[in-house]
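Read-outs throughout are calculated quantities, based only on the coordinates presented, and are distinct from any laboratory measurement. None of these values were measured; they are calculated from a predicted model. Here the Cβ is made from the backbone with ideal geometry for all residues, glycine too, and neighbour counts use every protein chain on show.
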């Protein structure tokens with residue numbers, strides 16, 4: 001089944017086209033989104049759509065893999081993150097699952113991570129310290145890694161999607177859906 005037809009629209013009107021997916025890719029067959037959480041030690045292949053609708057069961061699985069695993073809190077994350085991860089998976093053609101390191105974070109978890117980062121950096125916040133108003137707290141961010149693809153390569157592609165924030169870290173990429181562009185990390 002083709003992506004645009006599954007969504008019930010022509011390629012130009014497909015919601016994924018807003019993520020800069022070329023028409024040739026929109027006409028491509030659907031494949032499952034492959035995600036793995038090393039913290040939960042669980043991975044799933046999910047079909048994001050049933051007919052022209054989001055697959056609610058797949059969304060539950062995605063939310064589960066993006067939960068605050070430290071506090072065991074699950075909240076619905078922005079669906080644009082999942083659509084973007086799907087586009088990224090297709091762009092790079094990776095056979096292995098995308099590793100999800102952090103999705104939703106409770107305010108408590110975010111504060112703890114920020115304090116740890118500041119302590120590691122001699123009492124000062126750096127560009128790599130979690131922000132006080134992190135998009136993770138709003139369930140609008142994901143830190144992830146594509147096996148075999150350098151994070152800088154992934155980060156540069158994420159920027160082209162125009163979703164919002166992009167962070168390049170040595171071992172992962174940050175992507176968020178804040179809307180306005182933001183970027184940080186070496187090479188961006």
Checked the stretch 139-188 against the a/c 1.5 cut and the a/b vs b/c comparison, axes a ≥ b ≥ c from its Cα gyration tensor; verdict prolate
With no solvent term and unit scatterers on the alpha-carbon positions of the stretch 82-171, Debye gives log₁₀ I(q)/I(0) at q = 0.12, 0.13, 0.14, 0.20 Å⁻¹ of -0.41, -0.48, -0.55, -1.01
Whole-number percent relative contact order across the stretch 78-135, with pairs defined as alpha carbons under 8 Å at least 6 apart: 25 percent
Peptides 77-87, 40-50: what's the order by average Cβ count within 10 Å, highest mean first? 77-87, 40-50
Roughly how many nanometres apart are two label points built 7 Å out from the Cα toward the Cβ at residue 55 and residue 117? 3.3 nm
Ranked highest first by average number of other Cβ atoms within 10 Å, how do 106-115, 177-186, 140-149 line up? 140-149, 106-115, 177-186
So what are the stretch 49-111's ellipsoid semi-axes, whole angstrom, largest first, if each one is the square root of 5 times an eigenvalue of the alpha-carbon gyration tensor? 23, 15, 9
When the Cα centres of the stretch 156-188 and the stretch 81-121 are compared, how far apart do they sit, in Å? 11 Å
Reference-scaled alpha-carbon Rg (2.2 N^0.38 Å with N residues) for the stretch 109-156: 1.34
Counting only DSSP beta bridges with both residues in the stretch 78-188, what percent are antiparallel, rounded to the nearest 5? 75 percent
Based on the mean of other beta carbon atoms within 10 Å per residue, what is the order of 56-68, 118-130, most packed first? 56-68, 118-130
